[in-house]
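Below is one structure, written out as C-alpha cells, with a few remarks after it.
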Amino acid sequence: MATLLKPINEAETARFLLPREAYFSGDWYRREMETLFAANWYFAGFTRDVPEPGDYSCVQVGAYPMFFLRDQNGDLRAFHNLCRHRGTAFLSGKGNVRHGMTCFYHFWTYNLDGGLRGFPQREQFPGADRDRLGLRPGAVETFRGMVFVHVDPDAQGSLIEWMSDFPANFGPFDPEKYVESPREPLKVAANWKLFIENHIDGYHLFHLHKDSIHGLDHDNQEHSLYADHWTVHEPLFGPTLLPEYEKNMPVKVMFPDEPRWQASNVHMLFPNLGIATGAKWFVTVQSIPTGPTTSIVDSRMHYLPYEDGEEEQELTYYDKGSSEGTNLMAEDQLAAERLQVAMQSPLFECGPLARNYERPVMAFHESILRTLKP
Ligand code: FES
Ligand SMILES: [Fe+2]
C-alpha cells in the first residue's frame, strides 16, 4: 500500500488521541467553536448560491454567524452577521438585499459594502460615528465555484495556500459546471468529529460497507496527508470498470479517458469538510456541529448530465450482485451514533487503530490538539 503518511514504528499501531470528553463536554465544544473553525478557511457553499447582485447566504462558522453576498459589481464579500447596534444576527438563510441591509430590530441600515448607511432617531446617538459602525468584514475566496470564508479579514495565508496540495489531489473536476441534486441534510445524534473520523477511516470500507461499495480496490488505497488535510485514492479493478453503485446514474463519465479520475478520490479539508469524486459525480459532505453531541451532515451531490441529443457513453461495471437495500450514508450514521452512545460511558476506551488504514484518524487528532492548544 502506497502511503505518504509519516511512518510510525513497524511494531506500532496508530492511536486515538482525543479524550472522550472531546465528544460531549460543553467546555471542549466551546473551545472548538471559538478557535478551531476560526483558524481555518470554512466551506460556505457555491458561487451559484448567490447568482445575482444582492444575493446573500448565511453560514455558521463555529461560534461565528457570518454571511457572504454578491455586491453590485458582482464581487463576493463576507461579513459577520452582527448588527453594530445591539449585535443582532439580523440575516438568516438566503435572500436578496440588493437595496441594502436593514436590521429588523431598530432599522439600522447597511450598504452592500458593509458601510452603515443610516439609523433612525439620530438625535438619540450624539457622537456616534457612522464611519466606524460598519459591519465587521470577514474574508471570502473561491476555488472552482466553491466558496470559503474566513472569520478574519486579514486571514494569514490565502485559500490556495491553506489548501496546500488539495488542487493536485482533486484533479480536473470543476464543480462550477455541474448540476446539483436536491439537498437532504441529515440530522445525526453524534459529535461532528465522529462523521469526519469515519470519513477518513480506510479500515471500515472493507467491513461496514462490504455490501454497499463494490468495485474499488481497498487493498491498494493510497493516503496522502498535506497540511491538516487528507486524500485517499482507491483504484478501480479494471481501468474503465466502474463501480457497481454508479450503474443507475444516467449521467456522464466526466473524464472518460482518465482512469485516475474515474476511480474513487476522497478528501478532507480540515476540520469538517469532506469532498469526494467518482467517475460520474462530485459531492461535498460537511459535518456541521449543532451541539456537543449533535450535528448535521449536509451533502451537496453534483452530476454532469448528458446534453440533448448527446450519445450515451458505453460503460462497463464491476458487477458483484445487487447492492439494493444498502445505504452507505445510513451505515456511516449508525457508526457515528453508536460511538456517541459508547463515549458517554466512563468505561469507554479506544483500542489500537490500524497503523495505515486508520492513521488519518490519529493525524486528525494531532491537528485538533495542535490548533486548540492555548
Ligand atoms: S440591533 Fe440591529 S438595529 Fe438594533
Ligand atoms: Fe463510511
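The values are calculated or read from the model by the stated rules, or taken from the named source; none is laboratory data. Remember, it's a predicted structure, so these values are computed and weren't measured experimentally. Cβ: placed from backbone, ideal geometry, glycine included. Neighbour counts: every protein chain shown.
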(request) Quickly run through the range 8-47 and pick out the residues that are of a type in the set (Lys, Arg) and closer than 30 Å to Ala354 by Cα. (result) Arg15, Arg20, Arg31
(request) Scan (1) in a helix (DSSP H, G or I); (2) within 16 Å of ligand 2 (Cβ to nearest atom); (3) free of Cβ contacts under 8 Å to residues at least 40 places away in the same chain for the single condition Lys210 breaks and write down its number. (result) (1)
(request) Quick one: which residue in Leu91, Leu133, Leu76, Leu116 is within 16 Å of ligand 1 (Cβ to nearest atom), over 30 Å from His223 (Cα atoms), of a type in the set (A, V, I, L, M) and in contact with a helix residue (DSSP H, G or I) (Cβ under 9 Å, 6 or more places away or on another chain)? (result) Leu116
(message) Conditions first: (1) within 15 Å of Phe67 (Cβ to Cβ); (2) surrounded by fewer than 18 Cβ atoms within 10 Å (Cβ to Cβ); (3) among the β-branched types (Val, Ile, Thr). Thr109 passes all but one, so which condition is the exception?
(response) (1)
(request) Could you please find all residues in the range 156-173 being of a type in the set (D, E, K, R) and touching a residue at least 40 places away in the same chain (Cβ under 8 Å)? (result) Asp165
(message) Show me the strands (runs of 3 or more DSSP E) found entirely inside the range 277-355 where at least 1 residues are under 28 Å from the mean Cα position of the chain (by Cα) and under 21 Å from Leu236 (Cα atoms).
(response) 282-291, 294-303
(request) Being more than 16 Å from ligand 2 (Cβ to nearest atom) and part of a helix (DSSP H, G or I) is the filter here, so list the residues in the range 164-207 that pass it. (result) Phe166, Pro167, Ala168, Asn169, Phe170, Pro175, Glu176, Lys177
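Conditions (1) modelled with pLDDT of 95 or more; (2) of a type outside the set (Lys, Arg); (3) assigned to a loop (DSSP other than H, G, I, E, B), marked per residue:
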| site | (1), (2), (3) |
| --- | --- |
| Arg31 | yes, no, no |
| Glu52 | yes, yes, yes |
| Leu82 | yes, yes, yes |
| Gly127 | no, yes, yes |
| Gly134 | yes, yes, yes |
| Glu141 | yes, yes, no |
(request) Among residues belonging to the range 177-216 that are modelled with pLDDT under 95 and of a type in the set (Asp, Glu), point out the one that is nearest to Phe46 (Cα to Cα). (result) Glu184
(request) Among the numbered conditions (1) farther than 19 Å from Arg300 by Cβ; (2) of a type in the set (Val, Ile, Thr); (3) part of a strand (DSSP E or B), tell me where Ile160 comes up short. (result) (3)
(request) Collect the residues in the range 182-194 that are surrounded by 13 or more Cβ atoms within 10 Å (Cβ to Cβ) and closer than 17 Å to Met301 by Cα, keeping them in residue-number order. (result) Leu186
(request) Report the residue count in the range 218-270 for those that are without any contact (Cβ under 8 Å) to a residue 40 or more places away in the chain and among the aliphatic types (A, V, I, L, M). (result) 0
(message) Here is a list: Phe255, Phe270. Which entry is touching a Ser or Thr at 6+ places or on another chain (Cβ under 6 Å) and surrounded by fewer than 22 Cβ atoms within 10 Å (Cβ to Cβ)?
(response) Phe270
(message) Against the definition (away from ligand 2 (no atom under 16 Å from the Cβ), among the acidic types (Asp, Glu), under 24 Å from Glu244 (Cβ atoms) and surrounded by 13 or more Cβ atoms within 10 Å (Cβ to Cβ)), how does Glu222 come out, yes or no?
(response) yes
